[in-house]
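The values are calculated or read from the model by the stated rules, or taken from the named source; none is laboratory data. Everything quoted here is computed from the prediction, not taken from an experiment. Cβ sites come from the backbone with ideal geometry, for glycine too, and all protein chains shown count toward neighbours.
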Amino acid sequence: MDKYENLGLVGEGSYGMVIKCRNKETGRVVAIKKFLESDDDKMVKKIAMREIKLLKQLRHQNLVNLLEVCKKKKRWYLVFEFVDRTVLDDLEQFPNGLDYNKVRKYLFQILRGIAFCHTHNIIHRDIKPENILVSHSGVVKLCDFGFARTLAAPGEVYTDYVATRWYRAPELLVGDTKYGKAVDVWAVGCLITEMLTGEPLFPGDSDIDQLYHIMKCFGNLTPRHEELYYKNPLFSGVRLPDIREVEPLERRFPKLSPLMLDLIKKCLQTDPDKRHSCVELLKHDVFTKDGFAERFTQELSAQIEKDNLPLPKRSKMSKKDKVESSSENKKIANLIKQELINSEKVTESRVDAKLIKVKGSKSDLEKTERMEKPTNTTVQHSPEKTTESGMGPSKGAPHTCSKELGGSVDRPKTPAVTMIPPITQSTSTITSSSKNISSGGPAAQGHHSYR
């Protein structure tokens, strides 16, 4: 990391800090995420490995670009392209909402970025104003993939969910462990209204209050969600809110155009199966009726080209520097690869340990072997049983709200980030290793959410 010049702190959080730096050789300004020493923090490692793995395979004009990964003295460093503004900054500058055309341009790019992720079976799970970067040319970049993950296989359930409450879909609030791409679409619906009005759509101060806001706007939850709610230990003894009069979006936001309200409604269906996909939303009349999509696509290409202007000429590297740089890159790549292999081995060892437990204890196996082969003097050891680490709650653990965790509020307009344990536990997504790293997304000055 010696090749970077420190230009100042951008933001900091529980897992580390984001620093604005300049590459001494190329002159390029970057954002470097410097993590705390966290070799014993398995959750941090899980989040970090997930982000590194996903960002290495996701390359798109509307996704933040991961340039480099380094590890030095037990600390991990992620080097990102630097973008110093977010949608949150715009909202604080214009508290009554953004211009309609600006919102349409932002939204078109946000949907493009999320659609690309969904095409690759990846859900972001933390869409909100802080996590949407905006360049000087108006190019939008989705960031913070610390909580993103690939879609679960059939029958597999998610064991954790971390997100900002105000943008959380009903299925997440009630504790559904089989959610999908639709959670990102719901968050987009909440984001659209906030960009247009300057106020969060559902500013709940607890999970039950969040459900109240949603039901006040759309009526009762779906039968499945109601069933999951009453099975969730967190809500034990607490009945769902009794809504006597619904306040629909049209009444609440009379100044919004019917066309934009229709788009918002397609995002905010309480039944996730009825929400439109991002690809479908990009074909909505909001973008196609006046030829906006075709016109803006050309404009966007010019903006992206402007952002990617040639950097100052890179100084020549000596042969020694080139060899050292190449060697360092190979070491990092091999280290990441080994971390992923170790994670898979740990999962396999858990399965082996469970099989041994069913068949008999270690001493029973040895006794049987001695009886069957009395002349054999070699003792065969069974695989070492791997216990599950504190990566998540135990089976049946209640959901935890931010107040119970004592989470702090990131900003006046954002609720605390909270861990939502599921109703059921799956070992398939829990990994442990001797080395651990942490993760988050690049942040803007004073506002980016960095966990």
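Values as computed for the structure displayed
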item	result
Asp144 surrounded by fewer than 23 Cβ atoms within 10 Å (Cβ to Cβ) and charged (D, E, K, R)	no
Close pairs (8 angstrom Cβ cut-off, 6 or more residues apart or separate chains): within 25 Å of Glu81 (Cβ to Cβ) and in contact (Cβ under 8 Å) with a residue 40 or more places away in the chain in the stretch 41-56, in a helix (DSSP H, G or I) and of a type in the set (Val, Ile, Thr) anywhere	Met49/Ile336; Ile52/Ile336; Lys53/Ile336
Filter result for the condition that a residue is among the acidic types (Asp, Glu) and either surrounded by 18 or more Cβ atoms within 10 Å (Cβ to Cβ) or assigned to a helix (DSSP H, G or I) (or both), over Asp205, Asp242, Asp262	Asp262
Neighbours by Cβ (under 6 Å, 6+ apart or cross-chain): first from the stretch 108-133, more than 21 Å from Leu173 (Cα to Cα) and modelled with pLDDT of 95 or more; second charged (D, E, K, R) and in a loop (DSSP other than H, G, I, E, B)	His118/Lys181
Strands (runs of 3 or more DSSP E) completely within the stretch 1-112 that count 2 or more residues being under 30 Å from Pro200 (Cα atoms)	4-12, 16-23, 29-35, 75-81
Filter result for Tyr179 (more than 27 Å from Val103 (Cβ to Cβ) and surrounded by 13 or more Cβ atoms within 10 Å (Cβ to Cβ))	no
Residue that is of a type outside the set (A, V, I, L, M), modelled with pLDDT of 90 or more and more than 29 Å from Val103 (Cα to Cα), where the choices are Arg85, Arg22	Arg22
Test result for Gln93, closer than 30 Å to Gly291 by Cβ, surrounded by fewer than 21 Cβ atoms within 10 Å (Cβ to Cβ) and in contact (Cβ under 8 Å) with a residue 60 or more places away in the chain	no
Residues located in the stretch 209-238, provided they are modelled with pLDDT under 95 and hydrophobic (A, V, I, L, M, F, W, C)	Leu234, Phe235, Val238
Tally, over the stretch 118-155, of residues that are under 10 Å from the mean Cα position of the chain (by Cα), over 18 Å from Leu78 (Cα atoms) and in a loop (DSSP other than H, G, I, E, B)	4
Leu249 within 26 Å of Gly97 (Cβ to Cβ), more than 23 Å from the chain's Cα centre (by Cα) and crowded, with 21+ Cβ neighbours inside 10 Å	no
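To keep it simple, each residue is scored yes or no on (1) among the aliphatic types (A, V, I, L, M); (2) more than 23 Å from Asp2 (Cα to Cα); (3) at pLDDT below 95.
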position	(1), (2), (3)
Arg50	no, yes, yes
Glu68	no, no, yes
Tyr77	no, no, yes
Asp90	no, yes, no
